[in-house]
Amino acid sequence: MQYLTFRLKAVEYAVDVKIVDTVVEHEETTAVPSPVDYMKGVMNLRGQVIPVIDLARKFGLPEGAHADHASVIVIRVDAAPGKILTVGALVDEVSAVVDIDEANIEAARTEGVALWERFVRGVIRFEERMVIIVEAEALFSIKEIEALRVA
């Protein structure tokens with residue numbers, strides 16, 4: 001199965017490429033009021049205004065100055081039956097698309113770690129590095145999806 005790998009705060013993550021629409025260089029976002037604290041703003045993508053989140057903040061990491069090579073991964077999230085929400089996720093750096101054998105993904109030991117229980121599908125040792133597999137479909141609750149949709 002193919003995964004898109006990316007970095008946040010020197011940690012490497014991966015997400016299933018099936019939900020990735022595109023990757024674009026980070027440009028300025030337009031700030032909008034939002035009840036979601038990790039909301040970065042909105043951006044114009046091919047004539048469509050989409051919300052952009054700071055994925056580091058979503059994961060509970062400190063917000064920092066994003067490097068010149070920061071990117072926005074545009075993902076499609078099932079918001080409701082028949083409704084797809086398109087969201088941009090700001091990351092420090094996009095690495096590559098890699099093939100990962102599902103059998104090699106180790107279950108994450110998540111007992112008592114709410115963030116991991118919700119977002120992490122597993123961990124894999126890949127080419128002598130550790131990569132955290134993100135369960136992107138679990139990134140947003142229905143309440144958060146509604147807040148992003150309003151933005």
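The values are calculated or read from the model by the stated rules, or taken from the named source; none is laboratory data. It should be emphasised that the depicted structure is a prediction, and the values quoted were computed from it without experimental measurement. Quick reminder, even Gly has a Cβ in these numbers, built from the backbone with ideal geometry, and neighbours come from all protein chains shown. These area figures cover heavy atoms from the full protein model, side chains too; ligands, DNA and RNA do not enter into them. Shrake-Rupley method; radii C 1.70, N 1.55, O 1.52, S 1.80 Å.
Details
- Boolean, ALA56 is assigned to a strand (DSSP E or B) and either open to solvent by less than 50 Å² (accessible area, probe 1.4 Å) or basic (Lys, Arg) (or both): no
- Residue in the range 81-94 that is part of a loop (DSSP other than H, G, I, E, B), among the acidic types (Asp, Glu) and crowded, with 17+ Cβ neighbours inside 10 Å present: yes
- On the stretch given as the range 8-22, residues that are on the phi < 0 side of the Ramachandran plot and either small (Gly, Ala, Ser) or buried (at least 17 other Cβ atoms within 10 Å of the Cβ) (or both) total 7.
- Close Cβ contacts (under 6 Å, 6 or more residues apart or on different chains) running from residues in the range 26-43 that are at positive phi to residues that are part of a loop (DSSP other than H, G, I, E, B) and among the hydrophobic types (A, V, I, L, M, F, W, C) comprise GLY41/ALA31; GLY41/VAL32.
- Test: residue in the range 137-145 that is assigned to a loop (DSSP other than H, G, I, E, B), at pLDDT 65 or above, surrounded by fewer than 11 Cβ atoms within 10 Å (Cβ to Cβ) and out of contact with any Pro (no Cβ under 6 Å at 6 or more places or on another chain): no
- With respect to (1) surrounded by fewer than 17 Cβ atoms within 10 Å (Cβ to Cβ); (2) at pLDDT 85 or above; (3) outside any loop (DSSP other than H, G, I, E, B), the lone exception for VAL32 is condition (3).
- Filtered residues of the range 95-131 (kept if at pLDDT 80 or above, loosely packed, with under 10 Cβ neighbours inside 10 Å and closer than 30 Å to VAL42 by Cβ): ALA96
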